[in-house]
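The values are calculated or read from the model by the stated rules, or taken from the named source; none is laboratory data. All figures in this text were calculated on a predicted structure; none of them were measured in a lab. Cβ placement follows ideal geometry from the backbone for every residue including glycine, while neighbour counts extend to all protein chains displayed. These area figures cover heavy atoms from the full protein model, side chains too; ligands, DNA and RNA do not enter into them. Shrake-Rupley method; radii C 1.70, N 1.55, O 1.52, S 1.80 Å.
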Amino acid sequence: MSDHTEVCVVGAGPAGSLLAARLAARGRDVVVLDAGPRFDRAEDLQRVERELRPSHSRPDVWEMDQDPSRDGVRDSYSTTGEIDYKLNRARVKGVGGTTLHWGAMTPRLHEQDFEMASRHGIGVDWPIDYGTLEPFYCDAEREMSVSGAPNPYAGPRSEPYPLPAFDPSHSDGIVREAFAEHGAPLHACPRAINSEQNDGRSACMGYGTCQPVCPSGAKYSADVHADRAEKVGARIVDRAPVVRLDHDESGDRVVAAVYERDGERRRVSADVFVLAAGAVEIPRLLLLSTSQRYPDGLANTSGAVGRYFMEHPGIKVVGEFDEPTRQHLVGYETSVSEAFYDHDDGPAGTMIVQPYNDAGEYPVAAALSSRPLSGRLADGDVTAPFASDEWGDALLDDVRERTEGFIALKAWVEQLPEWENRVALDRSRTDDRGHPVPDLQFSVGEHASASLRRAESFLYDVLESAGATEVKTVVGPDEPWFAFHHLGTTRMGTDPESSVVNAQLRTHDLDNCYVASSSVFPTGGAANPTLTIAALSLRLADHLDGTL
Amino acid sequence: MKLSRRDALVALGAMGVGAGGVGVLRERAAESEEAMTDVLLAAAEVVYPSAVTPTREFVSAYAVGRRRFDADAERFERAVADLDRRARHDTGQSFASLSLARRRDVFRSLGADRAHANHGGTTAERVRYYVVDDLLYALFASPTGGELVGCENPPGHPGGTDAYQRGPEA
């Protein structure tokens, strides 16, 4: 089967869906192909239960494969580098993409993030500046219905936030003064969650499970724009993994996206192709699309496809308090501080610090999980291997102990782009369709590690000043957690020798192949990337509409 | 605190099971459903803290409403029946007619007190999943159970955006 369209988009996450909705609304003929299914959102409450019951695992919620070490499954991957990365824990294949799962935190990058090399001699400059992107940040905030309030550390804004910010939590109030005392005053946290009914979607109902699923629909997810795109004529094809891109004889243009569906190999030809499948699957697709002309993969003359992978590594410090801290009453953080985005004090690095509202375990998770044997043994309970789980009043005491009186603070930091950190192909392993799986090879690096150590010291200072009776590092700089922000791998730049796409997001090698993703970020800052992905995608939609 | 049918409906609501469906099905309740309710009420008396009193109407509404609407109904019914069967095997009496201490012994005899919950696993794992954990889920994902640990809007319950702003004294 073959098909022709003006614009073929690979991936129905936020980048692809926003772009498709915008172009289709302007009368363009658009086809979107996504590897995953279209989910029935009427089943979200069952997804909530899968999230809350410890006998299910996180990838269960959106039907990702849980064991990536198995060959022959859709979501297999390898991690042959230093980090044993849990890629499938927080990505979703399907219409809406990982925004079905995300926490919906939407800070903008700061002005300095676009100029790290010029200002500080680290990383690389972006080929565009904050001012170029600012109108599209406003556009993205409108499209995603962001609730927020201006903060003193962010770049200038030309428009107010579409919706008012969420009020801070009682828990935020316990640490507020201490954050300010140590140089990082808290401010409202921008969220693509409706603080009031808006755009045909509910206000937040307080289910408390936003990440990974919001049954009320108050949290923005990109299936909103996929649906909108369809209403104005776009075609969304689910369960349609694109397995290669074919180019013309000259090697200057992509002519078809080849995908597999219902056991058949099919092709979509198009005037323009936009790759919007994220910073893991986009380089994988390009590396899979080898030809005589491009033996190292498509758009890879620079050799930079898959290179400069970045994440946001983080730490978590928890304080115990003698008073109730009122955790787990809302599913998102309500305050944050971007004060340490100020980089003038040396090479310690860009970071975001934040008090959480979910310290300790969920009541239901604590009630349903027997206390881990290792924990009992660590507490000196030598009878643990022979003990029953306790129910009734003993269970209630245990749940109280595990859920009450904690406050968790987190920080996450910028990781610099390094050539060695990459998404490659593991040709020794294949997925369910026989194609080599992605292989994530990366390490955190000394710059980010130094930032994490600085962050840890700061978070201890805050909790001790706030009156915590005990403070401990739950996840520390040596083995950080990751925000599951996949950045880099098809970096944007002016030099075709060292970058994959230009400032208009068009690949240097192919005239009609574009990339809309955090994979184009030359540097990653510390800000959560999705709003910037959306802004870049809307800017690309304008560009394409003007050139088609 | 007595757990009412309303508490059950709140718990069911959080799982996407509507009150109307429960009402209709209650009228259809068969003998087997009565028997299941007996077993689950007796199990709830073991599993729940003494601060709450599980009632027949709570368990009946919850048990009937809970698993009549999903693909797991059969496995759920089998797990409940397995628990009762083990009681009869060990003691010669139904699970519901045993003292609290003897009921705990039956859970131990099955291994459900140490099993990891698994909806497709061994008898012990299924009893843990469909009896013990289903009952605990109904309690601790609802405001009634959440209040026992100072969390009146626990994750899974759509209790709005006021609770998180309030202090413990409010």
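Scanning the stretch A:493-508 for residues that are closer than 15 Å to A:R307 by Cβ and either in contact with a Gly (Cβ under 9 Å, 6 or more places away or on another chain) or surrounded by fewer than 23 Cβ atoms within 10 Å (Cβ to Cβ) (or both) returns A:G493, A:D495, A:P496, A:E497, A:S498, A:S499, A:V500, A:V501, A:H508. Name the residue, out of A:L395, A:L459, that is more than 30 Å from A:G303 (Cβ to Cβ), assigned to a helix (DSSP H, G or I), open to solvent by less than 30 Å² (accessible area, probe 1.4 Å) and without any contact (Cβ under 8 Å) to a residue 60 or more places away in the chain. None of the other options fit; the residue is A:L395. Considering only residues in the stretch A:182-224 that are open to solvent by less than 10 Å² (accessible area, probe 1.4 Å) and within 12 Å of chain B (Cβ to nearest Cβ), the one that is farthest from B:S142 (Cα to Cα) turns out to be A:R191.
Of note, B:G121 satisfies the criterion of being over 17 Å from A:A367 (Cα atoms), open to solvent by less than 40 Å² (accessible area, probe 1.4 Å), more than 8 Å from chain A (Cβ to nearest Cβ) and of a type outside the set (D, E).
Considering only the stretch A:119-149, state which residues are at pLDDT 95 or above and open to solvent by 60 Å² or more (accessible area, probe 1.4 Å). Within the stretch A:119-149, A:D129, A:P135, A:R142 qualify. Of the residues A:A25, A:A90, the single one that is more than 30 Å from B:H119 (Cα to Cα), touching a residue at least 60 places away in the same chain (Cβ under 8 Å) and of a type outside the set (K, R) is A:A25. Exactly one residue out of A:T489, A:T469 is touching a Phe, Trp or Tyr at 6+ places or on another chain (Cβ under 7 Å) and surrounded by fewer than 16 Cβ atoms within 10 Å (Cβ to Cβ), and it is A:T469. A:T106: in contact with a Pro (Cβ under 9 Å, 6 or more places away or on another chain), closer than 30 Å to A:D426 by Cα and more than 14 Å from every other protein chain (Cβ to nearest Cβ), yes or no? Taking the combined requirement at face value, the residue does not satisfy it. Residues in the stretch A:225-239 that are aliphatic (A, V, I, L, M) and either crowded, with 22+ Cβ neighbours inside 10 Å or in contact with a Ser or Thr (Cβ under 6 Å, 6 or more places away or on another chain) (or both): A:A226, A:A229, A:A234, A:I236. Residue-level analysis places A:T99 among those that are under 23 Å from A:V353 (Cα atoms) and hydroxyl-bearing (S, T, Y).
Within the stretch B:138-155, restricting attention to residues that are free of Cβ contacts under 8 Å to residues at least 60 places away in the same chain and within 18 Å of the chain's Cα centre (by Cα), the residue that is most open to solvent (accessible area, probe 1.4 Å) is B:E147.
Would a scan of the stretch A:406-425 turn up a residue that is of a type outside the set (S, T, N, Q) and at pLDDT below 95? So far as the stretch A:406-425 goes, no, none of its residues is of a type outside the set (S, T, N, Q) and at pLDDT below 95.
When the stretch A:316-326 is filtered for residues that are open to solvent by 10 Å² or more (accessible area, probe 1.4 Å) and either within 14 Å of chain B (Cβ to nearest Cβ) or within 24 Å of the chain's Cα centre (by Cα) (or both), the ones remaining, listed by number, are A:K316, A:V318, A:F321, A:D322, A:E323, A:P324, A:R326.
Among the residues of the stretch A:264-276, some residue qualifies, meaning at least one is open to solvent by less than 10 Å² (accessible area, probe 1.4 Å), of a type outside the set (A, V, I, L, M) and either touching a helix residue (DSSP H, G or I) at 6+ places or on another chain (Cβ under 9 Å) or not in a loop (DSSP other than H, G, I, E, B) (or both). Considering the stretch A:385-401, the residues that are more than 9 Å from chain B (Cβ to nearest Cβ) and touching a helix residue (DSSP H, G or I) at 6+ places or on another chain (Cβ under 8 Å) include one that is modelled with the lowest pLDDT, namely A:P385. Taking each residue of the stretch A:481-493 that is without any contact (Cβ under 8 Å) to a residue 40 or more places away in the chain and looking for partners that are part of a loop (DSSP other than H, G, I, E, B) with beta-carbon atoms closer than 9 Å, six or more apart or interchain, yields nothing. Looking across the stretch A:161-192, the residues that are assigned to a loop (DSSP other than H, G, I, E, B), closer than 20 Å to A:A218 by Cα and either without any contact (Cβ under 8 Å) to a residue 40 or more places away in the chain or of a type outside the set (F, W, Y) (or both) come down to A:Y161, A:P162, A:A165, A:D167, A:P168, A:S169, A:C189, A:P190, A:A192.
Each row is one residue, and each column tells you yes or no for (1) assigned to a helix (DSSP H, G or I); (2) at pLDDT 85 or above; (3) among the aliphatic types (A, V, I, L, M); (4) open to solvent by 40 Å² or more (accessible area, probe 1.4 Å).
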{"residue": "B:A63", "(1), (2), (3), (4)": "yes, no, yes, no"}
{"residue": "B:R66", "(1), (2), (3), (4)": "yes, no, no, no"}
{"residue": "B:A71", "(1), (2), (3), (4)": "no, no, yes, yes"}
{"residue": "B:D105", "(1), (2), (3), (4)": "yes, yes, no, yes"}
{"residue": "B:S109", "(1), (2), (3), (4)": "yes, yes, no, yes"}
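Of all residues in the stretch A:76-86, at least one satisfies being surrounded by fewer than 16 Cβ atoms within 10 Å (Cβ to Cβ), among the β-branched types (V, I, T) and away from chain B (no Cβ under 14 Å). Within the stretch B:136-146, the presence of at least one residue that is more than 8 Å from every other protein chain (Cβ to nearest Cβ) and touching a Pro at 6+ places or on another chain (Cβ under 9 Å) is confirmed. Among the residues of the stretch A:27-55, those that are under 23 Å from the mean Cα position of the chain (by Cα), within 14 Å of chain B (Cβ to nearest Cβ) and either among the small types (G, A, S) or open to solvent by less than 10 Å² (accessible area, probe 1.4 Å) (or both) comprise A:D44, A:R47, A:V48, A:L52. Here A:A12, A:A24, A:A20 are screened, and the one residue that is out of contact with any Lys or Arg (no Cβ under 6 Å at 6 or more places or on another chain), open to solvent by less than 10 Å² (accessible area, probe 1.4 Å), of a type outside the set (F, W, Y) and part of a loop (DSSP other than H, G, I, E, B) is A:A12. Out of all the residues in the stretch B:43-57, is one or more at pLDDT below 75, within 14 Å of chain A (Cβ to nearest Cβ) and assigned to a helix (DSSP H, G or I)? The answer is no; no qualifying residue exists. Within the bounds of the stretch A:93-101, is there any residue that is at pLDDT below 95 and under 25 Å from A:A516 (Cβ atoms)? The answer is no; no qualifying residue exists.
The rows are residues; the columns are (1) over 12 Å from A:V95 (Cβ atoms); (2) small (G, A, S).
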{"residue": "A:D238", "(1), (2)": "no, no"}
{"residue": "A:P241", "(1), (2)": "yes, no"}
{"residue": "A:R253", "(1), (2)": "yes, no"}
{"residue": "A:A270", "(1), (2)": "yes, yes"}
